[in-house]
1. Restricting attention to the stretch B:28-60, and to residues there that are polar (S, T, N, Q) and either modelled with pLDDT of 90 or more or under 14 Å from the mean Cα position of the chain (by Cα) (or both), which single residue is nearest to A:Ala67 (Cα to Cα)?
2. Considering every residue within the stretch D:84-92, establish whether at least one is in contact (Cβ under 8 Å) with a residue 12 or more places away in the chain, in a strand (DSSP E or B) and small (Gly, Ala, Ser).
3. For B:Thr97, state whether it is in contact with a Gly (Cβ under 6 Å, 6 or more places away or on another chain), free of Cβ contacts under 8 Å to residues at least 60 places away in the same chain and either of a type outside the set (A, V, I, L, M) or assigned to a loop (DSSP other than H, G, I, E, B) (or both).
4. Filter the stretch B:129-147 down to residues that are surrounded by fewer than 18 Cβ atoms within 10 Å (Cβ to Cβ) and within 24 Å of C:Arg121 (Cα to Cα), then give me how many there are.
5. Taking the condition of being part of a strand (DSSP E or B) and over 14 Å from the mean Cα position of the chain (by Cα), how many residues in the stretch A:100-141 meet it?
6. Of the residues C:Glu78, C:Glu4, only one is farther than 23 Å from C:His134 by Cα and without any contact (Cβ under 8 Å) to a residue 24 or more places away in the chain; which?
7. Across the stretch B:76-121, which residue is surrounded by the fewest Cβ atoms within 10 Å (Cβ to Cβ) among those that are within 12 Å of another protein chain (Cβ to nearest Cβ) and touching a His at 6+ places or on another chain (Cβ under 7 Å)?
8. Just checking, does the stretch B:35-45 include any residue being in a helix (DSSP H, G or I) and not hydroxyl-bearing (Ser, Thr, Tyr)?
Number of protein chains: 4
Amino acid sequence: MKKEDVLQQISDTWNNNMPFNKLLGLEITRFNAEKSEVSFAWQDKLIGNPVQKILHGGVTASALDLAGGIVAAANIIEKLPDLTPEIIQQSINKIGTIDLRTDYLRPGRGERFFATAHIIRSGSKVAVARMEMHNELGEHIAFGTGTYMVG
Amino acid sequence: MKKEDVLQQISDTWNNNMPFNKLLGLEITRFNAEKSEVSFAWQDKLIGNPVQKILHGGVTASALDLAGGIVAAANIIEKLPDLTPEIIQQSINKIGTIDLRTDYLRPGRGERFFATAHIIRSGSKVAVARMEMHNELGEHIAFGTGTYMVG
Amino acid sequence: MKKEDVLQQISDTWNNNMPFNKLLGLEITRFNAEKSEVSFAWQDKLIGNPVQKILHGGVTASALDLAGGIVAAANIIEKLPDLTPEIIQQSINKIGTIDLRTDYLRPGRGERFFATAHIIRSGSKVAVARMEMHNELGEHIAFGTGTYMVG
Amino acid sequence: MKKEDVLQQISDTWNNNMPFNKLLGLEITRFNAEKSEVSFAWQDKLIGNPVQKILHGGVTASALDLAGGIVAAANIIEKLPDLTPEIIQQSINKIGTIDLRTDYLRPGRGERFFATAHIIRSGSKVAVARMEMHNELGEHIAFGTGTYMVG
């Protein structure tokens with residue numbers, strides 16, 4: 001398999017078969033070793049505080065965690081010698097979040113949100129990613145830092 | 001109003017009127033200045049990874065954030081000179097998560113989950129809480145540390 | 001006093017009168033509301049691991065904390081209506097680190113190190129800064145995120 | 001070698017041969033897989049803020065990082081099948097801090113400080129420790145959480 005096809009297939013799986021991602025409407029819109037992006041639309045069910053009408057902090061953390069996890073995944077796939085389905089699946093199964101820090105900068109208001117991630121530490125066992133979340137106006141809503149088990 | 005009634009009323013509001021908490025089934029089951037607890041049942045829609053059948057990391061972060069936020073709220077209410085509805089509402093509206101760190105210790109498996117929180121720094125402007133999440137077997141699934149704006 | 005003079009005076013104080021900064025050789029080389037920089041030279045006494053000859057992680061954390069703290073300070077001074085010595089001193093005294101996260105990316109090797117910081121959340125009570133540390137070759141050694149009490 | 005002797009030898013090495021630990025006066029006073037402790041005395045050179053006469057935040061981070069690192073080391077040694085000098089050295093060399101979060105609870109005042117650590121996640125590749133720092137009066141000065149590479 002070509003790397004692009006592998007990433008497309010994983011992206012499809014995560015967009016369509018992950019219950020919680022679907023519940024929140026999280027969609028992987030960019031996915032490679034350089035940068036990943038997760039996008040989602042405002043929905044009333046994502047409201048944390050009904051008086052202020054802002055996203056629950058857990059929604060933001062979920063989007064950042066997914067964005068960081070997929071850029072970590074793309075980095076592993078980048079390094080695989082062979083892209084057989086078995087090797088890919090084994091690699092993906094090893095990925096897990098060790099820790100995640102979210103910094104909330106502004107109230108989560110907007111019509112659409114974009115969580116992007118890039119790798120700041122790329123090892124054979126552990127990867128670290130930095131994430132950002134903006135709304136459709138480019139307002140910066142949150143920062144994140146995630147440490148992921150990758151091997 | 002008596003303090004116990006105030007906490008009960010806030011707890012009812014957060015359990016019934018917060019869309020995202022309801023979506024996840026998060027329920028405040030203990031709520032005072034000493035310790036708070038948020039409990040929720042396993043639901044398939046909370047699955048992050050369908051192969052491993054474990055909670056999405058964002059679910060864990062959401063429960064920890066809520067547990068930390070309410071113990072921070074209870075600490076503020078503890079210090080209020082007067083418990084009028086206006087003062088209470090003003091205080092509650094000031095609460096916001098500044099940052100949240102989640103440490104994932106074990107895969108999120110179980111039938112019911114319990115996120116507890118206690119305050120480690122209690123100031124007039126900023127409070128810091130430490131959180132833990134266990135399942136019904138007492139297995140320790142996650143730790144959290146949250147910094148909250150409170151004044 | 002003019003703002004530039006105020007910043008220069010604070011910078012001189014922190015470079016010359018702070019015992020631990022002097023012990024480590026930390027020097028404020030840039031200091032304004034946009035961006036701050038702390039620089040220090042390699043010294044054998046800063047070694048954490050003598051086999052690998054790399055900086056102790058605490059040295060890195062110290063430099064990042066200082067860089068974040070001074071950019072937070074510059075942000076407060078930026079907002080002060082009057083720059084009298086009393087008001088400045090009062091503002092500076094309120095600054096304190098609430099929490100600090102350091103991400104170690106590469107072993108701390110080099111002849112000179114540069115910790116830079118910029119503000120990502122600027123409030124009247126709490127400021128959040130992101131920091132980076134590089135060596136003289138531009139190699140990226142660490143990232144940091146700090147939350148500071150400022151009011 | 002017996003495990004106790006191994007730990008004693010490592011402890012001696014870290015207390016006597018680590019330049020930065022010696023500079024700060026950090027001493028390993030307890031060191032096993034259950035719990036580690038690092039102790040140090042107040043010294044004027046550790047002052048961050050000379051007006052308030054409190055420890056620099058970097059001193060606290062350094063002590064917490066060491067306490068976490070050694071409990072992670074003790075956990076690895078606990079699992080080693082053979083305690084030959086080569087295997088021990090190889091294991092120790094793999095240890096490195098991935099990330100460290102410090103929560104500052106109270107000003108760092110006291111005559112003597114005690115940083116303790118215990119493991120909350122013990123894996124073959126990554127360990128996570130939680131740390132606390134108190135002074136001689138039992139006042140709680142800081143919390144820490146550290147993620148360490150161990151394999």
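The values are calculated or read from the model by the stated rules, or taken from the named source; none is laboratory data. Everything numeric in this text was worked out from a predicted model, so none of it was measured. All Cβ positions, glycine included, derive from the backbone under ideal geometry; neighbour counts span all protein chains shown.
1. B:Thr60
2. no
3. yes
4. The total comes to 0.
5. Here the count works out to 10.
6. Sole residue among the options that is farther than 23 Å from C:His134 by Cα and without any contact (Cβ under 8 Å) to a residue 24 or more places away in the chain: C:Glu4.
7. Top of the filtered list is B:Arg106.
8. yes
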